[in-house]
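The values are calculated or read from the model by the stated rules, or taken from the named source; none is laboratory data. As the structure is a computational prediction, the values presented were derived from the model and not from experiment. Please note: Cβ atoms are built from the backbone with ideal geometry, for glycine as well, and neighbour counts cover all protein chains shown.
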């Protein structure tokens, strides 16, 4: 029994020694540097591009959203009706332009030729009537009055004018539309298309999309609210990048360099360090912020350092206290 008790005590002593070594192995290492700071995450204040009444919101606080995901909708019914009206206007402009480009149909040209032929025949008959009336008047037989001769002359002139009119109409039908008319119709058609594109763009602006992968930190509006492009609807916390903002004394500044590996510890998971690296070292000194936890006087000058972390499990939260341990053994 005594021997077993001694063995148990020996195992307990070894376990206690191992635990002490594990927890103090970095602090005892002269090449290790331990600093303290807080987790920092970029945030996005997300708003609609357009103005209107919110019809639907599809995200709550804490939800993870993907880049391009629609998380909000505005009421765009009025814009949709205007777009339908403009679509009809675009189609009408398209048909008008096609008509001008295609010119007169063969049937229309044949119709113009037939009308011209009929007018020419009528003009020939009118000329003959006028010639006959003139001949009778010259015979001095008194068979026709001067008034009748004047009427026959007027009829012949009117018939010839009609021939000239229909001949010009035939030439116009054969020539087709003028280049200026076609260019004007093309401009109107493009203007209608631009108006339709603008309405569709405004409808698209009624969709609120997440710009990047993120977590919804705050939902600031609700369906039914009237908003403008300056009204934030969601506050998003980006999942990447994340870093721990720490402050280093000038005496320790020469021991670190960009790219140096680091381990980040948080109180909720003290035995599961998160990998990181030194990403930014400030070139300007500043007084120690009140939030920094160090043993030195708060009036000491320090330099800001950002430790970029690879938080694949998304355990770090904005403002969370963290302990950073840097192994400066390989530092020059």
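Any residue that is surrounded by 14 or more Cβ atoms within 10 Å (Cβ to Cβ), outside any helix (DSSP H, G or I) and not assigned by TED's automatic domain parsing to the domain that holds residue 212 - is there at least one of those in the stretch 111-118? Scanning the stretch 111-118, I find no residue that is surrounded by 14 or more Cβ atoms within 10 Å (Cβ to Cβ), outside any helix (DSSP H, G or I) and not assigned by TED's automatic domain parsing to the domain that holds residue 212, so the answer is no. Say whether the condition of being over 39 Å from the mean Cα position of the chain (by Cα) and not in a strand (DSSP E or B) is met by at least one residue in the stretch 238-250. Yes, there is a match, as at least one residue in the stretch 238-250 is over 39 Å from the mean Cα position of the chain (by Cα) and not in a strand (DSSP E or B). Which residue is farthest from residue 116 (Cα to Cα), if the candidates are limited to the stretch 148-185 and must be assigned to a loop (DSSP other than H, G, I, E, B) and in contact (Cβ under 8 Å) with a residue 12 or more places away in the chain? So the residue we want is 177. Looking at the stretch 178-195, which of the residues that are in contact with a helix residue (DSSP H, G or I) (Cβ under 7 Å, 6 or more places away or on another chain) and surrounded by fewer than 18 Cβ atoms within 10 Å (Cβ to Cβ) is nearest to residue 238 (Cα to Cα)? Across the stretch 178-195, the extreme among qualifying residues is 195. Just to be sure before I move on: is residue 97 crowded, with 17+ Cβ neighbours inside 10 Å and over 23 Å from the mean Cα position of the chain (by Cα) in the structure I sent? Spelling it out, residue 97 is indeed crowded, with 17+ Cβ neighbours inside 10 Å and over 23 Å from the mean Cα position of the chain (by Cα).
Could you tell me whether any residue of the stretch 289-298 is at pLDDT 80 or above and assigned by TED's automatic domain parsing to the domain that holds residue 35?
Residues of the stretch 289-298 at pLDDT 80 or above: none.
Checking the stretch 289-298: not a single residue is at pLDDT 80 or above and assigned by TED's automatic domain parsing to the domain that holds residue 35.
Here residue 100 passes the criteria (1) over 18 Å from residue 198 (Cβ atoms); (2) out of contact with any helix residue (DSSP H, G or I) (no Cβ under 8 Å at 6 or more places or on another chain) except the one numbered (2). Looking at (1) out of contact with any helix residue (DSSP H, G or I) (no Cβ under 6 Å at 6 or more places or on another chain); (2) assigned by TED's automatic domain parsing to the domain that holds residue 193; (3) modelled with pLDDT of 90 or more, can you tell me which one residue 71 breaks? Against the list (1) out of contact with any helix residue (DSSP H, G or I) (no Cβ under 6 Å at 6 or more places or on another chain); (2) assigned by TED's automatic domain parsing to the domain that holds residue 193; (3) modelled with pLDDT of 90 or more, residue 71 comes up short only on (2).
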